[in-house]
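A short write-up of the structure that comes next.
Quick note: the coordinates plus some simple rules give every number you see, no bench work behind them. Only a predicted model underlies this, so the values are computations on that prediction, with no experimental measurement involved. When we count neighbours, we look across all protein chains shown, and the Cβ atoms used for this are built from the backbone with ideal geometry, even at glycine.
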Amino acid sequence: SVALPAAASMARGQGTPDPLITEVQDWARYSGDGVDATPYGLPIQFESDVIRRNVSWLTADTISSINFTPIHQLDGTITPAGCAFERHHSGAIELAKPDYRLMVNGLVDRELVFTYADLERFPRRQGVYFCECAANTGMEWAGAQLNGSQFTHGMIHNMEYVGVPLKTLLAEAGVKPEGRWIYVEGADASSNGRSIPLEKAMDDVMVAFKANGEALRKEHGYPARLVVPGWEGNLWVKWLRRIEVTAGPVESREETSKYTDTLANGVSRKWTWVMDAKSVVTAPSPQVGITHGPGPLVITGLAWSGRGTITRVDVSVDGGRNWTTARLAQPGVPMAMTRFYLDHLWDGEEMLLQSRAVDETGYVQPTKNALREIRGENSIYHNNGIQTWWIKKDGSAENVEVS
Amino acid sequence: SVALPAAASMARGQGTPDPLITEVQDWARYSGDGVDATPYGLPIQFESDVIRRNVSWLTADTISSINFTPIHQLDGTITPAGCAFERHHSGAIELAKPDYRLMVNGLVDRELVFTYADLERFPRRQGVYFCECAANTGMEWAGAQLNGSQFTHGMIHNMEYVGVPLKTLLAEAGVKPEGRWIYVEGADASSNGRSIPLEKAMDDVMVAFKANGEALRKEHGYPARLVVPGWEGNLWVKWLRRIEVTAGPVESREETSKYTDTLANGVSRKWTWVMDAKSVVTAPSPQVGITHGPGPLVITGLAWSGRGTITRVDVSVDGGRNWTTARLAQPGVPMAMTRFYLDHLWDGEEMLLQSRAVDETGYVQPTKNALREIRGENSIYHNNGIQTWWIKKDGSAENVEVS
Amino acid sequence: ETQTARDSAFAAGQPLGLGRAALPEEISAWNLDVSPDGTGLPDGSGDVMTGEGIYLEQCAACHGDFAEGLDNWPSLSGGEGTLDRDDPEKTIGSFWPHLSTVWDYVHRSMPFGNAQVLTADDTYAITAYLLYSNGLVEDDFVLSRDNFAEVRLPNADGFIEDDRAETEYPAFSTEPCMESCKDSVEITMHASVLDVTPGNEGDATGDAPVEAALD
Amino acid sequence: ETQTARDSAFAAGQPLGLGRAALPEEISAWNLDVSPDGTGLPDGSGDVMTGEGIYLEQCAACHGDFAEGLDNWPSLSGGEGTLDRDDPEKTIGSFWPHLSTVWDYVHRSMPFGNAQVLTADDTYAITAYLLYSNGLVEDDFVLSRDNFAEVRLPNADGFIEDDRAETEYPAFSTEPCMESCKDSVEITMHASVLDVTPGNEGDATGDAPVEAALD
Ligand code: HEC
Ligand code: HEC
Ligand SMILES: [Ca+2]
Ligand SMILES: [Ca+2]
Ligand SMILES: [Ca+2]
Ligand SMILES: [Ca+2]
Ligand SMILES: [Ca+2]
Ligand SMILES: [Ca+2]
Ligand SMILES: [Co+2]
Ligand SMILES: [Co+2]
């Protein structure tokens, strides 16, 4: 038998027998719940803190607002629909399938109306994709602000979608040669609309009706939403009711007043659709301190890129002086989240924890300062800079920035 | 513009304008739910029929019983935890993380006790795997019996698991050379235990604590269960409390009285762990008739193999006379579910719908009669024969067997 | 026969004949978007004073009497010259490139909580008032489809197309440093909202809003 | 230094020093499984008559007075000679290969709803009674660790190891037929439980149990 690290002998010191083992517990004696107890189940009561949370001062009210996925408590890559973040502009609406209509109009040979039942008759496809709000990490542009990965990076989810390729629906209507863009719009009162170049529309965009196996949740666009792989969440129109083929972009409110990125000189970038490679250490992090003291520690996080697959994630425990390439839990999936792990022996000293994603294009996630040098501090959107968590000796953590 | 199929001109006949379009609906005018409405969400009320269901006459009571995943209503490959089937032998127990203990004992250098917090400190891995009860489709051995893919094939789910490789925990304890098997046991009152050869234990078995991103649900073994890729669900011990390294199998009740397969001559196979390649058309099927009449029809289903990846699925609409290779939604994933689609133009005539899975070993899912020829009708478990749905002219469907 | 039909319809990307023709009344009901060149504008007109009346009744409670904003609700006027400063104030006058966006958004998305009910005339009038409150027209201004294209918003030229491919991707695609990448590392900033970790009530109530990025 | 420690501990599959030593009392509390050769059996003994008393009190309500089963609850005796017939009746006497399994299962999993409370003596006695009710011992039989190995259950040789690799995989791994695979196809059987499609109450109440595979 092999020699154990120092911590081991301490932790394994003899004590008194644990009554949780030596005494027959109620759950080992009496019956639990039968198979008719929860036809559709929820998480166990002990996990009641694993929920979406909103930050009340971010917006004037909760109807046009956002909440955050508890990424700090999740693992793997799939986001459960129940706690996948929501962003509404006029609240989550309740739209029954029999009441659902999808119109395709504009520069097409045949302007059409589909029912939900029609949608289910087209050939389907399936894919896992992340949906990230362009404003994710937006509160951090001017400096460290929110204390937890849920709040700094939680405007994202990653689900397995099933739906009809948009190009199939467009082929059904027949796109005219003058058609160069599409305009997509939701059935809610915000009538949230965005313009998308036809090239993307004919590539991988889909009209999805299932997420993680089941019907889309109400708050994610039931019965049908757009899935725009790799592109900002605002384009993923929920409760999709209309697709118009147009010659040019509509330049609607969501693509002019919002979702444009103002540079330091006051000029603003528009049409910044793609989400660049990004990563974050989800735990340990401010909401998930280290409670076990020195020794083996799993450092884990998520990485994603709107430009393809994540090929590598590096982790630094010293604020970016030295980096170790982390283990990807599985090979990267294009425009989907990748889980990474760094198995670390923590010496109990302070750490400045960072992660840095690399995608298949060779793009390396930049520092926040490198982004600021180019964009200034007023971009609001597309903050994909490297995040730093200051882990203190007591295992607690804080959101900081470093030189 | 191109000529349309006959059905099209009918369906597109002019009518009166649809008030759902021409009148401003309430959901397009007033606000929906805010982002604080559902910190952890559930499916929309219209999907309240997408639930696990049990069949009361199958067992004496619901405490040691099973319910069925509504696979006929799902799509994609991920099973939502909320409606993933349950099998308990003494009900689903409520075991809090602080009360959780995992013992490793027997033929090891160091007999150990781990807390839940300890488990989270070991290097983790991630994988999507199907978990199929060996009794899935067991009620169909003597002939077509239950009328719906949920009931004939719903003792299965497919989730993304995260946990600690069992070999890591065994290495921590140090397996002695005499150790050839492990015995695994749950914390519930059934103390459900099974023996597993060490070779499998050291291969891909894991002690999982997350499924589909979040903590395991209570009914799936919170806070930790065994994941035994490709092998029958009974081995996937829930509320795992003990792993013993042994020289031989314990031959416990779950591996002698149950989960053995009696052949026609009265001799029973034991240690039939692996789940052979299998598939089923989930829709259309008895619970999901065709409501739209002739024309485009999506035929879809699931395929899986405990011996590796699904490489191909064939579909027949004429009871196995002729076969068409279906489209796999994504390339097969080892020991995980694969979704298949056949885009079909239904002529409105009767169909005898079948699917036939092929896995990477070249194994081809057999007919039920081919299985019966070898095993007889009393095997109870491991019925992976080809399923037939009789689709009638009115679109309704029935579970049948064919010559 | 089925097989042949499937081959021709599915393989060649031909239409499947699903759905039905959209009727003209249906298209008019939903095809409401207005483009920068005025495409999509309906008949009608409205003047500043009429617009002020409707605005005060339907909008001012949230956006302020002179569109200057209220509490956390968006301001629709003011902010000129702030785009290149810290925390720019982005309004119709200071930021928006196209008047069409104002007309379209107000018509389809406002008033918040009671949307998609404003008439074309209402919307012309409110839009005229919003131009006026931004100091872009006089109080006798009347807006209609005919003069719509003449109105140019101050920041019309303030936008460029996404240029990350040129300005960022080359710089961010070099082989990253792995060892001794810096001499020293200092903490330069601490989280300004420390008490964000919430209880179980699902609402992280922090201190003052330091940067309310989402308004 | 950290890096070195990590390399040595994680890379070589060395123990990480997590967990603590299991104490002897703890191991005895949970290491209760009994193997076919009797490994795991504790001290103690019990006779048929004592067993009958406990059985009638704690077990008979479900399994019947003579272990013959009741309603849908499992029968524990009878069924001899049914294994090669349709619907075999599988009991301790007709099917189970090892007595250890009876002792172990009764001790750890029964009585259903109040498990893991039987003493070793109770369990020896009940097991003796179950042998008796299966006609395998006389009514004066006393069971203990010492004579445990002498008891052989009738179906001890009734099991073979999984032989699918030889008996099935070759036959089921040939290139499948794709066209005109049969001359004709007839429906040979219809679903016997047609009304299984349930309402929303989550319980598919069908007719009579045709095959209750899960008991
Ligand atoms: C109950 C509060 C409320 C009322 C009343 C209201 N608004 Fe708004 N308005 C909002 C909110 C909230 C937003 C932001 C919505 C979003 O971002 O999804 C907004 C956004 C806007 C914007 C876009 C601002 C920007 O910077 O992008 C305009 C223009 C606007 N409103 C005009 C109006 C007009 C005109 C009316 C009356 C006809 C009106 N609003 C009535 C709350 C209100
Ligand atoms: C409340 C009803 C109930 C009582 C009381 C009860 N049992 Fe059981 N018994 C069951 C059920 C239900 C099962 C099947 C459990 C399962 O499959 O998970 C079972 C299974 C068994 C089996 C295994 C049967 C097989 O074929 O695999 C044995 C042996 C057994 N019981 C013995 C006993 C003994 C001995 C007692 C009393 C000490 C007892 N039971 C008390 C309900 C009961
Ligand atoms: Ca239009
Ligand atoms: Ca503002
Ligand atoms: Ca600022
Ligand atoms: Ca043992
Ligand atoms: Ca029986
Ligand atoms: Ca039978
Ligand atoms: Co953008
Ligand atoms: Co088996």
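Over segment A:91-250, all Cα pairs binned in 10 Å intervals from 0 give whole-percent P(r) values of 11, 39, 34, 12, 4, 0, listed from short to long. Sorted largest first, the spans of the alpha carbon positions of segment A:278-400 along the three principal axes are 39, 34, 24 Å. For the pair segment A:284-340 / segment D:23-47, the C-alpha centres are spaced 45 Å from each other.
Taking a straight line from the alpha carbon of B:Lys176, these lysines sit under 17 Å away, with near neighbours fewer than eight places off in the same chain left out: B:Lys167, B:Lys200.
Sorted shortest first, the distances from the A:Gly293 label point to those of the same residue in the other copies are 7.6 nm; each point sits 7 Å from Cα along Cα-to-Cβ. Specify which residue in the list C:Tyr55, C:Ser94, A:Ser305 is farthest towards the positive end of the charge dipole of the protein assembly as shown, using unit charges on the beta carbon of Lys, Arg (+1) and Asp, Glu (-1), about the Cα centre. The residue sitting most towards the positive pole is A:Ser305.
Only helices enter this figure: runs of n ≥ 4 DSSP H residues, each worth -39500 (n - 2.57), summed and divided by the residues of chain B, yield -2000 deg cm²/dmol at 222 nm to the nearest 500. Taking Cα centre as origin and charging only the Cβ of basic (Lys, Arg, +1) and acidic (Asp, Glu, -1) residues, the dipole magnitude of the protein assembly as shown rounds to 2100 debye. Mean partner shielding of peptide B:79-85, defined as the number of other chain Cβ atoms within 10 Å of each residue Cβ, is 6. Computed over segment B:23-155, the P(r) curve from all C-alpha pair distances, binned at 5 Å from the origin, holds 2, 7, 11, 13, 13, 14, 12, 11, 8, 5, 2, 1, 0, 0, 0, 0 percent per bin.
The equivalent ellipsoid that matches the C-alpha gyration tensor of the protein assembly as shown spans semi-axes of 57, 39, 24 angstrom, in descending order. About its Cα centre, segment A:81-269 has a charge dipole of approximately 240 debye under the convention of +1 per Lys or Arg Cβ and -1 per Asp or Glu Cβ, with nothing else charged. Debye sum, Cα scatterers, segment C:42-156, no solvent: what log₁₀ I/I(0) at q = 0.11, 0.16, 0.20 1/Å? The Debye formula, applied to the Cα set alone, gives -0.31, -0.67, -1.06.
Taking 18 Å as the straight-line reach from the Cα of B:Lys278, the lysines in range (excluding those fewer than 8 positions away in the same chain) are B:Lys368. Derived from the Cα gyration tensor, the three semi-axes of the equivalent ellipsoid of chain B are 41, 28, 18 Å, largest first. Charging the Cβ of each Asp and Glu at -1 and of each Lys and Arg at +1, and nothing else, the dipole of chain B about its Cα centre rounds to 800 debye. Straight-line cross-link reach from A:Lys218 at under 15 Å between alpha-carbon atoms covers these aspartates and glutamates, not counting any fewer than eight positions away in the same chain: A:Glu86, A:Glu94, A:Asp99, A:Asp188, B:Asp33, B:Asp36, B:Glu47.
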